[in-house]
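Have a look at the structure below before the remarks.
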Amino acid sequence: MSASIGISLYPEDAATPEVLLQHADSAMYHAKGQGKRGMALFAGELSERLARRHSLEQSLRKALDKGELSVCYQPQVRLSDRQTVGFEALLRWNSPEHGRVSPAEFIPIAENNGMIVPIGQWVLEQACGRIAAWRRGDRPYYVAVNISLRQFLGGRLEEIVWKVVNSAGIPPQALELEITESTAACDPQQAEQVIRRLTEAGVRLALDDFGTGYSSMRRLRELPIRTLKVDKSFVDGLPEDGDDVQIVTSTIQLAHGLGKLSLAEGIETEEQHLFLLEQGCMLGQGYLYSPPMPEELIPSWIAQSCEAVKASADSTPIRRENMQ
Ligand code: C2E
Ligand code: MG
Ligand code: MG
(Lines give C-alpha, C1' and ligand atoms only; values in the text may rest on other atoms or scores of the structure.)
(Ligands and ions follow the chains in the order given, each with its own letter.)
Protein backbone atom coordinates (compact mmCIF):
# COMPACT_ATOMS: atom_id res chain seq x y z
CA MET A 1 0.00 0.00 0.00
CA SER A 2 1.06 3.57 -0.55
CA ALA A 3 -0.15 6.91 0.74
CA SER A 4 -0.38 10.40 -0.71
CA ILE A 5 -0.23 13.20 1.81
CA GLY A 6 -1.61 16.73 1.62
CA ILE A 7 -0.55 19.28 4.19
CA SER A 8 -2.06 22.64 5.11
CA LEU A 9 -0.85 24.84 7.94
CA TYR A 10 -2.75 26.79 10.57
CA PRO A 11 -3.01 29.76 10.68
CA GLU A 12 -1.23 30.61 7.38
CA ASP A 13 -3.56 28.68 5.05
CA ALA A 14 -6.96 28.95 6.73
CA ALA A 15 -8.69 30.15 9.86
CA THR A 16 -11.28 27.38 10.30
CA PRO A 17 -10.91 23.57 10.56
CA GLU A 18 -13.22 23.03 7.55
CA VAL A 19 -11.23 25.23 5.20
CA LEU A 20 -7.95 23.88 6.57
CA LEU A 21 -9.11 20.34 5.76
CA GLN A 22 -10.36 21.37 2.31
CA HIS A 23 -6.94 22.80 1.54
CA ALA A 24 -5.17 19.70 2.85
CA ASP A 25 -7.51 17.68 0.61
CA SER A 26 -6.64 19.82 -2.44
CA ALA A 27 -2.94 19.40 -1.65
CA MET A 28 -3.47 15.63 -1.36
CA TYR A 29 -5.07 15.52 -4.85
CA HIS A 30 -2.18 17.56 -6.14
CA ALA A 31 0.26 15.05 -4.60
CA LYS A 32 -1.67 12.18 -6.24
CA GLY A 33 -1.58 13.98 -9.58
CA GLN A 34 2.21 14.20 -9.31
CA GLY A 35 2.44 10.44 -9.03
CA LYS A 36 1.59 8.30 -6.05
CA ARG A 37 3.41 8.13 -2.71
CA GLY A 38 4.16 11.81 -2.60
CA MET A 39 3.28 14.72 -0.40
CA ALA A 40 2.32 18.28 -1.22
CA LEU A 41 2.09 21.41 0.79
CA PHE A 42 -0.88 23.74 0.27
CA ALA A 43 1.16 26.81 -0.39
CA GLY A 44 2.43 29.28 -2.92
CA GLU A 45 1.75 28.23 -6.47
CA LEU A 46 -0.83 25.61 -5.55
CA SER A 47 -2.96 28.00 -3.52
CA GLU A 48 -2.71 30.61 -6.27
CA ARG A 49 -3.72 28.07 -8.86
CA LEU A 50 -6.69 26.91 -6.79
CA ALA A 51 -7.76 30.49 -6.14
CA ARG A 52 -7.68 31.22 -9.89
CA ARG A 53 -9.58 28.06 -10.62
CA HIS A 54 -12.22 29.00 -8.05
CA SER A 55 -12.53 32.49 -9.43
CA LEU A 56 -12.75 31.21 -13.04
CA GLU A 57 -15.43 28.75 -11.96
CA GLN A 58 -17.53 31.52 -10.39
CA SER A 59 -17.23 33.70 -13.51
CA LEU A 60 -17.87 30.82 -15.89
CA ARG A 61 -21.21 30.11 -14.23
CA LYS A 62 -22.45 33.46 -15.50
CA ALA A 63 -20.48 33.64 -18.76
CA LEU A 64 -23.12 32.05 -20.98
CA ASP A 65 -25.95 34.30 -19.76
CA LYS A 66 -23.75 37.37 -19.95
CA GLY A 67 -22.86 36.70 -23.58
CA GLU A 68 -19.14 36.31 -22.89
CA LEU A 69 -18.82 33.07 -24.88
CA SER A 70 -18.41 32.87 -28.64
CA VAL A 71 -17.55 30.22 -31.19
CA CYS A 72 -14.68 30.41 -33.68
CA TYR A 73 -14.42 28.24 -36.76
CA GLN A 74 -11.24 26.69 -38.15
CA PRO A 75 -11.32 25.37 -41.73
CA GLN A 76 -10.48 21.72 -42.32
CA VAL A 77 -8.95 21.29 -45.76
CA ARG A 78 -8.33 18.48 -48.21
CA LEU A 79 -4.55 18.24 -48.41
CA SER A 80 -4.40 17.42 -52.13
CA ASP A 81 -5.86 20.78 -53.23
CA ARG A 82 -6.24 22.70 -49.95
CA GLN A 83 -9.96 23.10 -50.50
CA THR A 84 -12.08 23.64 -47.41
CA VAL A 85 -14.32 20.68 -46.66
CA GLY A 86 -15.60 21.64 -43.21
CA PHE A 87 -15.01 23.70 -40.09
CA GLU A 88 -14.24 22.83 -36.50
CA ALA A 89 -16.21 24.87 -33.97
CA LEU A 90 -13.96 26.06 -31.13
CA LEU A 91 -15.30 27.76 -28.05
CA ARG A 92 -13.89 31.12 -26.91
CA TRP A 93 -14.37 32.94 -23.62
CA ASN A 94 -13.65 36.62 -23.28
CA SER A 95 -14.16 37.42 -19.62
CA PRO A 96 -14.27 41.04 -18.36
CA GLU A 97 -12.41 39.93 -15.19
CA HIS A 98 -9.94 37.41 -16.60
CA GLY A 99 -9.50 38.49 -20.22
CA ARG A 100 -9.31 35.80 -22.88
CA VAL A 101 -9.19 32.44 -21.14
CA SER A 102 -7.89 29.44 -23.07
CA PRO A 103 -10.34 26.53 -23.58
CA ALA A 104 -7.55 24.27 -22.34
CA GLU A 105 -8.00 25.99 -18.97
CA PHE A 106 -11.76 26.55 -18.73
CA ILE A 107 -13.16 23.44 -20.48
CA PRO A 108 -11.84 21.09 -17.73
CA ILE A 109 -13.49 23.38 -15.13
CA ALA A 110 -16.77 23.31 -17.05
CA GLU A 111 -16.49 19.52 -17.37
CA ASN A 112 -15.87 19.22 -13.67
CA ASN A 113 -18.83 21.29 -12.48
CA GLY A 114 -21.26 20.16 -15.19
CA MET A 115 -21.45 23.57 -16.93
CA ILE A 116 -20.21 21.87 -20.09
CA VAL A 117 -23.71 20.43 -20.58
CA PRO A 118 -25.53 23.76 -21.17
CA ILE A 119 -22.42 25.30 -22.76
CA GLY A 120 -21.97 22.31 -25.07
CA GLN A 121 -25.61 22.51 -26.14
CA TRP A 122 -25.17 26.20 -26.89
CA VAL A 123 -22.07 25.46 -29.03
CA LEU A 124 -24.05 22.82 -30.94
CA GLU A 125 -26.87 25.30 -31.58
CA GLN A 126 -24.45 27.98 -32.75
CA ALA A 127 -22.45 25.64 -34.97
CA CYS A 128 -25.46 24.00 -36.63
CA GLY A 129 -27.12 27.39 -37.19
CA ARG A 130 -23.98 28.75 -38.85
CA ILE A 131 -23.30 25.74 -41.05
CA ALA A 132 -26.91 25.90 -42.27
CA ALA A 133 -26.18 29.39 -43.56
CA TRP A 134 -22.79 28.54 -45.10
CA ARG A 135 -23.42 25.27 -46.90
CA ARG A 136 -25.12 24.77 -50.23
CA GLY A 137 -25.42 21.93 -52.73
CA ASP A 138 -22.12 22.83 -54.38
CA ARG A 139 -20.34 23.29 -51.05
CA PRO A 140 -21.53 20.58 -48.70
CA TYR A 141 -19.49 21.74 -45.71
CA TYR A 142 -19.84 20.07 -42.34
CA VAL A 143 -19.19 21.47 -38.90
CA ALA A 144 -17.22 19.50 -36.32
CA VAL A 145 -18.22 20.03 -32.69
CA ASN A 146 -16.20 18.82 -29.68
CA ILE A 147 -18.24 16.77 -27.26
CA SER A 148 -17.16 16.06 -23.68
CA LEU A 149 -17.66 12.83 -21.82
CA ARG A 150 -19.95 14.62 -19.38
CA GLN A 151 -22.40 15.44 -22.22
CA PHE A 152 -22.89 11.72 -22.84
CA LEU A 153 -23.51 10.97 -19.20
CA GLY A 154 -26.58 13.17 -18.81
CA GLY A 155 -28.38 10.82 -21.23
CA ARG A 156 -29.92 13.68 -23.21
CA LEU A 157 -27.27 14.16 -25.87
CA GLU A 158 -29.13 12.26 -28.55
CA GLU A 159 -32.34 14.20 -28.01
CA ILE A 160 -30.42 17.50 -27.99
CA VAL A 161 -28.54 16.66 -31.21
CA TRP A 162 -31.77 15.87 -33.06
CA LYS A 163 -33.51 18.95 -31.76
CA VAL A 164 -30.64 21.17 -32.84
CA VAL A 165 -30.13 19.50 -36.24
CA ASN A 166 -33.84 19.69 -37.04
CA SER A 167 -34.29 23.27 -36.00
CA ALA A 168 -31.21 24.29 -38.04
CA GLY A 169 -32.68 22.39 -41.00
CA ILE A 170 -29.41 20.62 -41.87
CA PRO A 171 -28.91 16.99 -42.85
CA PRO A 172 -27.21 14.85 -40.16
CA GLN A 173 -24.17 14.56 -42.47
CA ALA A 174 -23.48 18.26 -41.93
CA LEU A 175 -22.60 17.57 -38.30
CA GLU A 176 -19.47 15.79 -37.08
CA LEU A 177 -19.05 15.03 -33.40
CA GLU A 178 -15.47 15.01 -32.12
CA ILE A 179 -14.87 12.77 -29.16
CA THR A 180 -11.60 11.93 -27.45
CA GLU A 181 -10.25 8.55 -26.43
CA SER A 182 -11.44 9.04 -22.85
CA THR A 183 -14.98 9.58 -24.13
CA ALA A 184 -14.69 6.56 -26.37
CA ALA A 185 -13.55 4.51 -23.39
CA CYS A 186 -16.35 5.56 -21.06
CA ASP A 187 -19.40 3.51 -20.13
CA PRO A 188 -19.49 1.21 -23.14
CA GLN A 189 -23.23 0.65 -22.97
CA GLN A 190 -24.55 4.16 -22.71
CA ALA A 191 -22.14 6.17 -24.85
CA GLU A 192 -21.73 3.49 -27.49
CA GLN A 193 -25.44 3.12 -28.09
CA VAL A 194 -25.94 6.85 -28.44
CA ILE A 195 -22.96 7.09 -30.81
CA ARG A 196 -24.25 4.21 -32.87
CA ARG A 197 -27.78 5.57 -33.23
CA LEU A 198 -26.50 9.02 -34.20
CA THR A 199 -24.03 7.70 -36.78
CA GLU A 200 -26.54 5.25 -38.26
CA ALA A 201 -28.73 8.28 -38.93
CA GLY A 202 -25.83 9.99 -40.72
CA VAL A 203 -24.04 12.09 -38.10
CA ARG A 204 -20.26 11.81 -38.54
CA LEU A 205 -17.88 10.82 -35.79
CA ALA A 206 -14.24 11.83 -35.39
CA LEU A 207 -11.74 10.60 -32.82
CA ASP A 208 -9.81 13.67 -31.61
CA ASP A 209 -6.23 13.85 -30.29
CA PHE A 210 -5.60 10.24 -31.31
CA GLY A 211 -2.68 8.64 -29.53
CA THR A 212 -2.63 10.96 -26.52
CA GLY A 213 -4.99 8.97 -24.31
CA TYR A 214 -5.45 5.29 -23.65
CA SER A 215 -5.92 4.12 -27.20
CA SER A 216 -7.88 0.93 -27.42
CA MET A 217 -7.64 -0.87 -30.74
CA ARG A 218 -10.82 -2.74 -29.94
CA ARG A 219 -12.73 0.54 -29.53
CA LEU A 220 -11.18 1.81 -32.72
CA ARG A 221 -12.40 -1.26 -34.54
CA GLU A 222 -15.86 -1.27 -33.00
CA LEU A 223 -16.88 2.37 -32.86
CA PRO A 224 -18.27 3.82 -36.10
CA ILE A 225 -15.49 6.42 -36.32
CA ARG A 226 -15.28 8.17 -39.66
CA THR A 227 -12.19 10.30 -39.11
CA LEU A 228 -9.05 9.74 -37.07
CA LYS A 229 -7.46 13.02 -36.01
CA VAL A 230 -3.69 12.79 -35.64
CA ASP A 231 -2.77 14.93 -32.64
CA LYS A 232 -0.78 18.13 -33.07
CA SER A 233 1.91 16.91 -30.66
CA PHE A 234 2.96 14.29 -33.26
CA VAL A 235 2.66 16.67 -36.23
CA ASP A 236 4.96 19.17 -34.47
CA GLY A 237 8.07 17.05 -35.01
CA LEU A 238 7.47 16.43 -38.73
CA PRO A 239 9.35 15.87 -40.93
CA GLU A 240 12.61 15.66 -38.91
CA ASP A 241 11.75 13.75 -35.76
CA GLY A 242 12.08 10.03 -36.46
CA ASP A 243 9.66 8.96 -33.72
CA ASP A 244 6.96 11.40 -34.84
CA VAL A 245 7.44 10.26 -38.44
CA GLN A 246 6.87 6.65 -37.38
CA ILE A 247 3.85 7.46 -35.23
CA VAL A 248 2.19 9.66 -37.84
CA THR A 249 2.78 7.34 -40.80
CA SER A 250 1.55 4.32 -38.83
CA THR A 251 -1.53 6.22 -37.66
CA ILE A 252 -2.38 7.24 -41.23
CA GLN A 253 -1.96 3.63 -42.38
CA LEU A 254 -4.02 2.39 -39.48
CA ALA A 255 -6.82 4.84 -40.30
CA HIS A 256 -6.87 3.86 -43.96
CA GLY A 257 -6.54 0.15 -43.22
CA LEU A 258 -9.65 0.39 -41.07
CA GLY A 259 -11.49 2.33 -43.78
CA LYS A 260 -11.39 5.64 -41.96
CA LEU A 261 -10.33 9.12 -43.02
CA SER A 262 -7.12 10.62 -41.66
CA LEU A 263 -6.88 14.25 -40.54
CA ALA A 264 -3.71 15.87 -39.20
CA GLU A 265 -4.12 18.66 -36.65
CA GLY A 266 -1.90 21.67 -36.03
CA ILE A 267 -0.16 21.85 -39.43
CA GLU A 268 1.96 24.99 -39.38
CA THR A 269 4.58 24.59 -42.12
CA GLU A 270 4.80 23.73 -45.83
CA GLU A 271 7.20 20.90 -44.95
CA GLN A 272 4.62 19.31 -42.67
CA HIS A 273 1.96 19.73 -45.36
CA LEU A 274 4.12 18.09 -48.03
CA PHE A 275 5.20 15.25 -45.77
CA LEU A 276 1.61 14.46 -44.77
CA LEU A 277 0.47 14.65 -48.39
CA GLU A 278 3.20 12.19 -49.42
CA GLN A 279 2.09 9.83 -46.67
CA GLY A 280 -1.43 9.88 -48.08
CA CYS A 281 -3.01 11.84 -45.23
CA MET A 282 -6.32 13.10 -46.57
CA LEU A 283 -7.32 16.09 -44.50
CA GLY A 284 -5.61 18.73 -42.43
CA GLN A 285 -6.18 21.65 -40.15
CA GLY A 286 -3.74 24.24 -38.87
CA TYR A 287 -2.38 27.76 -38.93
CA LEU A 288 -0.76 27.07 -42.32
CA TYR A 289 -4.21 27.23 -43.90
CA SER A 290 -6.06 29.33 -41.36
CA PRO A 291 -6.32 29.95 -37.62
CA PRO A 292 -9.76 29.64 -36.00
CA MET A 293 -11.79 32.65 -37.17
CA PRO A 294 -14.78 34.50 -35.74
CA GLU A 295 -17.98 33.61 -37.58
CA GLU A 296 -18.16 37.01 -39.35
CA LEU A 297 -15.02 36.18 -41.34
CA ILE A 298 -16.20 32.82 -42.64
CA PRO A 299 -18.42 34.05 -45.52
CA SER A 300 -15.46 35.90 -47.08
CA TRP A 301 -13.23 32.85 -46.51
CA ILE A 302 -15.82 30.75 -48.36
CA ALA A 303 -16.10 33.30 -51.17
CA GLN A 304 -12.29 33.27 -51.58
CA SER A 305 -12.14 29.46 -51.60
CA CYS A 306 -14.89 29.33 -54.24
CA GLU A 307 -12.95 31.83 -56.36
CA ALA A 308 -9.83 29.68 -56.07
CA VAL A 309 -11.78 26.61 -57.18
CA LYS A 310 -13.23 28.50 -60.13
CA ALA A 311 -9.79 29.75 -61.16
CA SER A 312 -8.28 26.29 -61.07
CA ALA A 313 -11.32 24.88 -62.91
CA ASP A 314 -10.74 27.42 -65.70
CA SER A 315 -7.14 26.32 -66.15
CA THR A 316 -7.29 22.60 -65.38
CA PRO A 317 -10.52 20.63 -65.47
CA ILE A 318 -11.28 19.33 -61.98
CA ARG A 319 -13.38 16.33 -61.40
CA ARG A 320 -16.73 16.74 -59.65
CA GLU A 321 -16.21 13.76 -57.38
CA ASN A 322 -13.13 15.42 -55.92
CA MET A 323 -15.21 18.37 -54.85
CA GLN A 324 -17.32 16.53 -52.28
P1 C2E B 1 -8.98 20.31 -30.12
O2 C2E B 1 -10.40 19.91 -30.32
O3 C2E B 1 -7.94 19.27 -30.38
O4 C2E B 1 -8.78 21.58 -31.03
C5 C2E B 1 -7.60 21.89 -31.70
C6 C2E B 1 -6.84 22.98 -30.98
O7 C2E B 1 -5.64 23.24 -31.68
C8 C2E B 1 -7.58 24.32 -30.90
O9 C2E B 1 -7.18 24.92 -29.68
C10 C2E B 1 -6.98 25.08 -32.09
O11 C2E B 1 -7.11 26.48 -31.95
C12 C2E B 1 -5.55 24.62 -32.01
N13 C2E B 1 -4.85 24.70 -33.29
C14 C2E B 1 -5.33 24.45 -34.52
N15 C2E B 1 -4.37 24.58 -35.46
C16 C2E B 1 -3.24 24.91 -34.79
C17 C2E B 1 -1.89 25.19 -35.21
O18 C2E B 1 -1.54 25.13 -36.38
N19 C2E B 1 -0.99 25.49 -34.22
C20 C2E B 1 -1.35 25.58 -32.90
N21 C2E B 1 -0.41 25.90 -32.01
N22 C2E B 1 -2.62 25.31 -32.48
C23 C2E B 1 -3.54 24.99 -33.42
P24 C2E B 1 -8.21 25.65 -28.75
O25 C2E B 1 -9.21 26.38 -29.57
O26 C2E B 1 -7.42 26.40 -27.73
O27 C2E B 1 -8.98 24.44 -28.06
C28 C2E B 1 -8.32 23.58 -27.18
C29 C2E B 1 -9.17 22.39 -26.84
O30 C2E B 1 -10.32 22.79 -26.08
C31 C2E B 1 -9.75 21.69 -28.06
O32 C2E B 1 -8.78 20.84 -28.62
C33 C2E B 1 -10.90 20.93 -27.44
O34 C2E B 1 -10.46 19.75 -26.81
C35 C2E B 1 -11.37 21.89 -26.36
N36 C2E B 1 -12.55 22.62 -26.86
C37 C2E B 1 -12.62 23.73 -27.64
N38 C2E B 1 -13.92 24.07 -27.88
C39 C2E B 1 -14.67 23.12 -27.26
C40 C2E B 1 -16.10 22.89 -27.13
O41 C2E B 1 -16.95 23.61 -27.68
N42 C2E B 1 -16.49 21.81 -26.38
C43 C2E B 1 -15.59 20.98 -25.78
N44 C2E B 1 -16.06 19.95 -25.07
N45 C2E B 1 -14.26 21.14 -25.89
C46 C2E B 1 -13.80 22.20 -26.62
MG1 MG C 1 -11.35 18.90 -31.64
MG1 MG D 1 -7.38 17.73 -31.20
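The values are calculated or read from the model by the stated rules, or taken from the named source; none is laboratory data. Every value quoted in this text rests on a predicted model; they were computed, and no experiment measured them. Cβ atoms come from the backbone with ideal geometry, glycine included; neighbour counts cover every protein chain shown. Calculation scope for accessible area: heavy atoms of the full protein, side chains included, ligands and nucleic acids excluded. Shrake-Rupley method; radii C 1.70, N 1.55, O 1.52, S 1.80 Å.
Within the range 14-28, the set of residues being in a loop (DSSP other than H, G, I, E, B) and either out of contact with any helix residue (DSSP H, G or I) (no Cβ under 7 Å at 6 or more places or on another chain) or under 10 Å from L41 (Cα atoms) (or both) comprises A15, T16. Could you say whether any residue in the range 275-295 is away from ligand 3 (no atom under 15 Å from the Cβ), open to solvent by 60 Å² or more (accessible area, probe 1.4 Å) and under 18 Å from D209 (Cα atoms)? Yes, some residue in the range 275-295 is away from ligand 3 (no atom under 15 Å from the Cβ), open to solvent by 60 Å² or more (accessible area, probe 1.4 Å) and under 18 Å from D209 (Cα atoms). Just wondering, is there one or more residues in the range 66-73 that are within 30 Å of Q279 (Cα to Cα) and not aliphatic (A, V, I, L, M)? Yes, that holds for at least one residue. Pull up the range 215-235, narrow it to residues that are over 22 Å from V143 (Cα atoms) and at pLDDT 95 or above, then point me to the one that is least open to solvent (accessible area, probe 1.4 Å). That would be V235. Within the range 134-163, can you find the residues that are over 19 Å from the mean Cα position of the chain (by Cα) and in contact (Cβ under 8 Å) with a residue 40 or more places away in the chain? Residues satisfying the conditions are W134, D138, R139, P140.
Tell me, yes or no, whether the range 45-63 has at least one residue that is open to solvent by less than 20 Å² (accessible area, probe 1.4 Å), under 30 Å from G129 (Cα atoms), part of a strand (DSSP E or B) and touching a residue at least 24 places away in the same chain (Cβ under 8 Å). No, the conditions are met nowhere in the range 45-63. The set of residues in the range 231-271 being touching a Gly at 6+ places or on another chain (Cβ under 8 Å), within 16 Å of ligand 2 (Cβ to nearest atom) and not in a helix (DSSP H, G or I) consists of D231, S262, L263, A264, E265, G266, I267. Counting only residues that are open to solvent by 10 Å² or more (accessible area, probe 1.4 Å), away from ligand 2 (no atom under 16 Å from the Cβ) and either of a type in the set (S, T, N, Q) or closer than 17 Å to S148 by Cβ (or both), the range 170-209 holds 10 of them.
Take the conditions (1) in a helix (DSSP H, G or I); (2) within 16 Å of ligand 3 (Cβ to nearest atom); (3) surrounded by fewer than 16 Cβ atoms within 10 Å (Cβ to Cβ); T212 misses just one of them, which is (1).
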